[in-house]
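Worksheet: the structure to be examined is printed underneath.
The values are calculated or read from the model by the stated rules, or taken from the named source; none is laboratory data. Computed from a predicted model, the values in this text were never measured in an experiment. For neighbour counting, all protein chains shown are included, and Cβ atoms are generated from backbone atoms with ideal geometry for every residue, glycine included.
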Amino acid sequence: MGNTSGGRGTGEQRPSVRRVAVVGTGLIGTSVALALRSRDVDVVLSDPDSASLRLACDLGAGRPLEDSADPSSAPADVAVIAAPPAVIPSVLRRAQDRGLAHVYTDVASVKASVLAEAERTGCDMATFVPGHPMGGREKQGPGAARADLFLGRSWALCPSGKADPQAVAVVAELARLCGADPTVLDAGAHDRAVALVSHAPHVASSAVAARLVSGDGAALTLAGQGVRDVTRVAGGDPAMWSEILTHNAAPVAEVLHAMAADLVATADALRATAGRTPDPSAEALAPVRDLLERGHSGHGRIPGKHGTVHRPDYTVIPVVIPDEPGSLGRLFAAAAEAGVNIEDVRIEHTPGLPLGVAQLYVLPVAVDTLARALAADGWSVHPGA
């Protein structure tokens, strides 16, 4: 596994990506197109759903492939196949047969099954570089697309042994144009990795959200940001996720079995102590403490904004904001005026009141500066709360 340099800092010239064809105008395909258009790349779009294609074009993601030029025009530098895993090989083969581009890639979140089927289908594996941008949303369709969806994200490239090195370099440059960091790794290693950091977590999120179906109204009125955070990705399309999970079944199942064992051990320990005087230090609760401690440690290993293995120890500054249009914009503008960068933000809404609390994550050295500036600007600031 390793980052592709693409000549960065080596004096080598990067490959030029001037024209890209995007086949599929859903969330990811349209986001790729918008990101490329923001870098003045010429983008042509194709989708069997005419309504989706029309909306993507209206959003400025590109122009329809059929309207771009006559059939004898030069191929695109890259064609991005933004389609479900099951149909990528057939779509790829048709695109290659018509000479749509010099190089081809995809954006599916599974790689081994796509590679194997593409080769079986007779696709040209020298010009195909499977890819997976590690960015997404629980919303779907071109209307949810964002040009900044991949900024600072990893973009996995999983070429087969038959891929031309220049093709890999071209797709790596496409990823950089979208603001991502391309990383080359084996397809099997990729699928095991996303099972751990994406696919199994989606199932876990769905398991928590599924419990809410039978929750009574009183319980749901108490729902806070914690359950919203945990269940956010469960809002994804069930049909799409069913396909993803079946294409990565074995690695996901392995993670889920381990997760289930942790949950069963924790549940058994809690049941064994139910009805007794609460004592968190009791030996019977060792499995509970163990899971919580490992969870805390695992959370700390998630790379942060700056790519560090352990995230900086940000300080949270709560600020009361009115629940009205423009509030966040004014708050961020005030922070910018103070010369302080907001590293992250969370919003807690206050049920029944027209206000909420914006939790601003900043570096510790900036806390006093930001707190004084916001207070002077009339904001209700509560550092240390």
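How many residues are at pLDDT 95 or above and in a loop (DSSP other than H, G, I, E, B) when one looks only at the range 260-288?
Number satisfying all stated conditions: 0.
If we scan the range 1-21, do we find a residue that is modelled with pLDDT of 95 or more and closer than 30 Å to A195 by Cβ?
Within the range 1-21 (the criterion being modelled with pLDDT of 95 or more and closer than 30 Å to A195 by Cβ), the answer is yes, since at least one residue qualifies.
Can you find, within the range 333-345, the residue that is surrounded by the most Cβ atoms within 10 Å (Cβ to Cβ) among those that are outside any loop (DSSP other than H, G, I, E, B) and modelled with pLDDT of 90 or more?
Taking the candidates together, the pick is A335.
If a residue must be at pLDDT 95 or above, among the charged types (D, E, K, R) and more than 25 Å from A147 (Cα to Cα), how many such residues does the range 60-97 contain?
Qualifying residue count for the region: 3.
Any chance the range 139-162 includes a residue that's at pLDDT below 95 and of a type in the set (F, W, Y)?
Yes, the range 139-162 contains a residue that is at pLDDT below 95 and of a type in the set (F, W, Y).
Please find, among R232, R176, the residue that is in the same structural domain as D40 (by TED's automatic domain parsing) and surrounded by 13 or more Cβ atoms within 10 Å (Cβ to Cβ).
Being in the same structural domain as D40 (by TED's automatic domain parsing) and surrounded by 13 or more Cβ atoms within 10 Å (Cβ to Cβ) holds for just one of R232, R176, which is R176.
Going through the range 119-145 one residue at a time, which ones are of a type in the set (D, E) and either in contact with a strand residue (DSSP E or B) (Cβ under 6 Å, 6 or more places away or on another chain) or touching a residue at least 60 places away in the same chain (Cβ under 8 Å) (or both)?
Residue satisfying the conditions is E138 alone.
Looking at (1) over 27 Å from T183 (Cα atoms); (2) touching a strand residue (DSSP E or B) at 6+ places or on another chain (Cβ under 9 Å); (3) in a loop (DSSP other than H, G, I, E, B), which is the one condition that is false for S73?
Every listed condition holds for S73 apart from (2).
Please pick out the residue among L53, L36, L27 that is more than 19 Å from R176 (Cβ to Cβ), surrounded by 22 or more Cβ atoms within 10 Å (Cβ to Cβ) and in contact with a strand residue (DSSP E or B) (Cβ under 8 Å, 6 or more places away or on another chain).
Only one candidate qualifies: L53.
Between H190, H202, H257, which is in a helix (DSSP H, G or I) and in contact with a strand residue (DSSP E or B) (Cβ under 6 Å, 6 or more places away or on another chain)?
One residue alone meets the criteria, H190.
Return the residue satisfying two criteria in turn: it lies in the range 311-322 and is surrounded by fewer than 17 Cβ atoms within 10 Å (Cβ to Cβ) and at pLDDT below 80, and of such residues it is nearest to V381 (Cα to Cα).
The extreme case among them is D313.
Taking the range 77-103 on its own, how many of its residues are touching a helix residue (DSSP H, G or I) at 6+ places or on another chain (Cβ under 9 Å) and in contact (Cβ under 8 Å) with a residue 40 or more places away in the chain?
Total satisfying the criteria: 14.
Considering only the range 24-66, state which residues are in contact (Cβ under 8 Å) with a residue 40 or more places away in the chain, among the hydrophobic types (A, V, I, L, M, F, W, C) and outside any helix (DSSP H, G or I).
V41, L59, A61
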